[in-house]
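Please read the structure below before turning to the comments.
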Amino acid sequence: MTEQNGLAFSREEYAARLARVRQGMEATGTEVMLTTVPENITYLTGYSTLGYFTFQVLILSLEQDPILLTRAINVEKAQVDSCLSLIEGYADTEDPDDATYAVLKKFGLLGKRISNQDDAWFFSVSRYKKLLRRLGVADLPDGSGIIERVRRVKSPREIEYIRQAGRYCAASLRAAIDAVTPGATDNDVAAAAYHALYTAGSEFLGHEAQFVTGPAAGLGFECARRRPIARNDVVYMEAGGTHNRYNCMLSRTVIVGAPDPKWMAMAAASRDALNAAKAAIRAGVTSHEVDLAARSVMQSAGFGRYFMHRTGYSIGIGVPPDWGEGRIMSINADDPTVLEAGMCFHLIPDLKVVHEGGVVLSESVAVTTTGHELLTDFSQEIVVK
């Protein structure tokens, strides 16, 4: 028997999660569900691997214990790092679809009503079509969202893990700010940030952190790329931290020298919009109401046209390419979803001007019955160097 590492959560918590997922399955008439979403596998079993890019599937049923089918090289890690009792491996010379069919047959699940999570990023259309042919069916009902609806509200321990990730994140951001100086590059800033991040205790992030200087910061999802920091530049920083695969984010802006005063005004608008969103958050309000609070500040400041995206997104478990849970929920215009205590969000009302630059102040929060709990601890000063 392979000796287990300590699980991130108690077996009772994993069992409670599974029970809630099974309730969702029953409500949709699903007897067996296939999910290849790595975050969902981690959430329900504790198993996490960098090898999620190869085929793996968690098979959930109403009565059978969960079954993980994974590449043979991953079986021992799943035995060590999960609460699973049923783990099956397939060889690199074996077709994963044939292996999936064989496992369903072995455990008597072929005659059940099987659903597949269709919105999974790591289950290609080609592989899905092969599985359908192997099962002898034209299609499977879509089970997307069943697990995610359970994941939306975090337990106290989940929130503590996000808070710990926030401590790693703050250490990383502090080092990045200290590294900003004319003549250094955004790579130098990123190097300082990542050194501090891993020294603080973080695992690999679910998404590359963004440390960008000058006009390139006006582009979405830009990262460090050997750009020199010039006098009168603005440096855009979005940092992250990860603890037991739970992610937390924090962003700040650094003003170098004396650039156009509009950048200070835009950074202040980002900060004010962030604080307006925080003031609006509490259990019982809608996603739209929180978004509107932030968006109104941007409009009043005259920068609404540069604020082109959602105000925030759910956070929790994340692996590359995404450290957020925006697929589960976002803080967005016209979204009637009602916030619940225990939901956690990264609020990031940033502003980007193409060919000129960008500014940002962001923070991560947990929703409470009366407001919010801040999950990151960092000054809101707009740093001028």
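Applying a threshold of 8 Å to beta carbon distances and a minimum spacing of six or more residues, or different chains, the list of pairs starting in region 299-318 at a residue that is more than 13 Å from residue 333 (Cβ to Cβ) and ending at one that is in a helix (DSSP H, G or I) and open to solvent by 70 Å² or more (accessible area, probe 1.4 Å) reads 301/272. Does residue 270 qualify as being surrounded by 23 or more Cβ atoms within 10 Å (Cβ to Cβ) and over 20 Å from residue 217 (Cα atoms)? Answer is no for this residue. Can you tell me which residue is farthest from the chain's Cα centre (by Cα) among those in region 31-62 that are β-branched (Val, Ile, Thr) and surrounded by fewer than 21 Cβ atoms within 10 Å (Cβ to Cβ)? Per the stated criteria, the residue is 54. Every condition in (1) open to solvent by 10 Å² or more (accessible area, probe 1.4 Å); (2) touching a Pro at 6+ places or on another chain (Cβ under 9 Å); (3) aliphatic (A, V, I, L, M) is met by residue 131 except one, and the failing one is (1). Being under 30 Å from residue 369 (Cβ atoms), of a type outside the set (A, V, I, L, M, F, W, C) and open to solvent by less than 60 Å² (accessible area, probe 1.4 Å) holds for only one residue in 151, 157, and it is 151.
Can you find even one residue in region 116-126 that is small (Gly, Ala, Ser), within 23 Å of the chain's Cα centre (by Cα) and open to solvent by 40 Å² or more (accessible area, probe 1.4 Å)? Give the steps one after another, and end with the answer.
Going through region 116-126, the residues small (Gly, Ala, Ser) turn out to be 120, 124, 126.
The next check asks that each one be within 23 Å of the chain's Cα centre (by Cα); those that pass are 120, 124.
Remaining after also requiring open to solvent by 40 Å² or more (accessible area, probe 1.4 Å): 124.
Yes: one or more hits.
Cβ separations smaller than 7 Å between residues 6+ apart or across chains give the following pairs from region 101-127 residues that are farther than 17 Å from residue 41 by Cα to residues that are of a type in the set (Ser, Thr, Tyr) and part of a loop (DSSP other than H, G, I, E, B): 113/30. For residue 308, the conditions (1) under 22 Å from residue 222 (Cα atoms); (2) out of contact with any Pro (no Cβ under 9 Å at 6 or more places or on another chain); (3) at pLDDT 95 or above are fulfilled apart from (3).
Okay, residues lined up against (1) over 25 Å from residue 88 (Cβ atoms); (2) of a type in the set (Ser, Thr, Tyr); (3) in contact with a helix residue (DSSP H, G or I) (Cβ under 7 Å, 6 or more places away or on another chain):
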residue	(1), (2), (3)
108	no, no, no
123	no, no, no
127	no, no, yes
135	no, no, yes
142	no, no, no
169	yes, no, no
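State whether one or more residues within region 314-324 are outside any strand (DSSP E or B) and of a type in the set (Ser, Thr, Tyr). Scanning region 314-324 turns up no residue that is outside any strand (DSSP E or B) and of a type in the set (Ser, Thr, Tyr).
Out of everything in region 134-148 that is under 30 Å from the mean Cα position of the chain (by Cα) and open to solvent by 70 Å² or more (accessible area, probe 1.4 Å), what residue ends up being farthest from residue 33 (Cα to Cα)?
Going residue by residue through region 134-148, those that are under 30 Å from the mean Cα position of the chain (by Cα) are 139-148.
Now narrow it down to the ones that are open to solvent by 70 Å² or more (accessible area, probe 1.4 Å): 139, 142.
Numbers: 139: 13, 142: 9 Å.
Taking the candidates together, the pick is 139.
Each residue in region 1-51 was checked for being in a helix (DSSP H, G or I) and at pLDDT 95 or above, and 25 of them qualify.
Given the condition in a loop (DSSP other than H, G, I, E, B), open to solvent by 10 Å² or more (accessible area, probe 1.4 Å) and either out of contact with any helix residue (DSSP H, G or I) (no Cβ under 8 Å at 6 or more places or on another chain) or not small (Gly, Ala, Ser) (or both), answer yes or no: does some residue in region 287-296 qualify? No - not one qualifying residue is present in region 287-296. If you take the residues in region 174-210 that are surrounded by fewer than 17 Cβ atoms within 10 Å (Cβ to Cβ), in contact (Cβ under 8 Å) with a residue 12 or more places away in the chain and among the hydroxyl-bearing types (Ser, Thr, Tyr), which one is farthest from residue 324 (Cα to Cα)? This residue is 181.
The values are calculated or read from the model by the stated rules, or taken from the named source; none is laboratory data. Not measured: the values here are computed from a predicted model. Ideal geometry is used to build each Cβ from the backbone, glycine not excepted, and the neighbour counts take in all protein chains shown. Side chains included, ligands, DNA and RNA excluded: accessible areas come from the protein's heavy atoms. Shrake-Rupley method; radii C 1.70, N 1.55, O 1.52, S 1.80 Å.
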